[in-house]
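Engineer: Dumping the structure here so I can ask a few things about it.
The values are calculated or read from the model by the stated rules, or taken from the named source; none is laboratory data. Predicted model, so just to flag it, every value in this text is computed and none were measured. Glycine also receives a Cβ, built like all others from the backbone with ideal geometry; neighbour counts cover every protein chain displayed. Side chains included, ligands, DNA and RNA excluded: accessible areas come from the protein's heavy atoms. Shrake-Rupley method; radii C 1.70, N 1.55, O 1.52, S 1.80 Å.
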Amino acid sequence: MKLKFGLLMLGALFFMASCGGEKPAETETTHEEHSDHDGHDHGDTEETQAEPSTYVVDTEASNIRWEGTAVGVYSHFGNIAIQDGNITVEGNAITAGSFTIDMTSIDPQDENYSPEGPKEKLVGHLGSGDFFDIENNPTATFEITSVEGDQMTGNLTLRGHTDEEVLTINQLEIAEDGKMTASATVSFDRQKYGAAYSFATDMVLADDIDLQIRIVASK
């Protein structure tokens, strides 16, 4: 009887040991499969995430076209230069950046002038304290704060005043050779920035100034 009982106990111990040995092996296999799965997922994520790239604005190729209107009478338009800037791109989207506008470079291109009112007179007036007070504020800046779809939001600083403006992106091309071309439009209210010139016919002088911005930049 003792021998039989001993054999039964030995068999039970062997069975328990066998079951106990199988469970850790199963757990270890599951862990290895999970690790492989995690590693594969993380690897895919790292491969699909684009590294941010900074593009430096080419000031010779970039430009801003401005236009102001006296409603029902005439409009003046021209160019103004971008002094410097940089744009951050991730994948195929702009995510950050800023540029500086040279307010001393206002260059009218329209033909609505006369000997009594030449374009030089307009430039002097726009640069005076009536409008942009260029002597004290020779530059303006735009700093991007967010981009969603074709809407680029940022802070425009003009004549010492900062306000939020939303630009509409009309074109964005990022070439493999490290060159980027973008264009955007915005209309801003000059009154918000202290350019509040008033005279007898100011009621027909539009508050909004339209800008067409073209940026060419490279890595």
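Engineer: Amide H of Ala206 versus every other amide H placed in the peptide plane: which residues, excluding those fewer than 5 positions away on the same chain, fall under 5 Å?
Structural biologist: Thr69, Ala70, Val71
Engineer: Still on this structure, I have one more. When the Karplus curve 6.51 cos²θ - 1.76 cosθ + 1.60 is applied with θ = phi - 60°, which whole-Hz ³J(HN,Hα) does each residue of region 136-153 get, with x for Gly and Pro?
Structural biologist: So the Karplus estimates, Gly and Pro as x, are 9, 9, x, 10, 10, 9, 10, 10, 6, 10, 6, 9, 9, x, 9, 10, 10, 9 Hz.
Engineer: So for Lys179, Lys121, what's the accessible-area order with a 1.4 Å probe, most first?
Structural biologist: Output order, biggest surface exposure first: Lys121, Lys179.
Engineer: Charges only on Cβ, +1 for Lys and Arg, -1 for Asp and Glu: so what's the dipole of region 124-168 about the Cα centre, in debye to the nearest 20?
Structural biologist: For region 124-168, the charge dipole is close to 140 debye.
Engineer: From the backbone phi of region 108-124, what are the Karplus-calculated ³J(HN,Hα) couplings (6.51 cos²θ - 1.76 cosθ + 1.60, θ = phi - 60°) in whole Hz, Gly and Pro given as x?
Structural biologist: Each residue of region 108-124 in turn: x, 10, 7, 10, 8, 9, 8, x, 7, x, x, 5, 4, 5, 5, 4, x Hz.
Engineer: Separation between the Thr162 and Glu51 pseudo-spin-labels, each 7 Å from Cα along Cα→Cβ, expressed in nm?
Structural biologist: The two pseudo-label positions are separated by 3.1 nm.
Engineer: At a Förster radius of 22 Å, what calculated FRET efficiency corresponds to the Cβ-Cβ distance of Thr153 and Glu90, to the nearest 0.05?
Structural biologist: 0.85
Engineer: Whose amide H sits under 5 Å from the amide H of Ala96, counting only residues 5 or more places off or on another chain, with H placed in the peptide plane?
Structural biologist: Thr88
Engineer: For Asp208 and Asn79, compute 0.36 nm times the residue count separating them, minus their Cα-Cα distance, and round to one decimal in nm.
Structural biologist: Stretched out fully, the Asp208 to Asn79 stretch lengthens by 44.8 nm.
Engineer: Would you grab the residues whose amide H sits under 5 Å from the one on Asp58? Only those 5+ places off in sequence or on another chain, please, with H modelled 1.01 Å from N.
Structural biologist: Amide H to amide H, under 5 Å and 5 or more residues apart or across chains, Asp58 pairs with Val216, Ala217, Ser218.
Engineer: In addition: Given the Cα-Cα distance of Thr185 and Lys219 and 0.36 nm per residue of separation, how much length would full extension add, in nm?
Structural biologist: In short, 9.9 nm is gained.
Engineer: Quick one: check the C-alpha center-to-center distance for region 62-129 versus region 168-200, whole angstrom.
Structural biologist: 10
Engineer: How large is ³J(HN,Hα) for each residue in region 177-186, as worked out from phi by the Karplus curve 6.51 cos²θ - 1.76 cosθ + 1.60 (θ = phi - 60°), to whole Hz, x for Gly and Pro?
Structural biologist: 7, x, 10, 10, 10, 9, 9, 8, 10, 7
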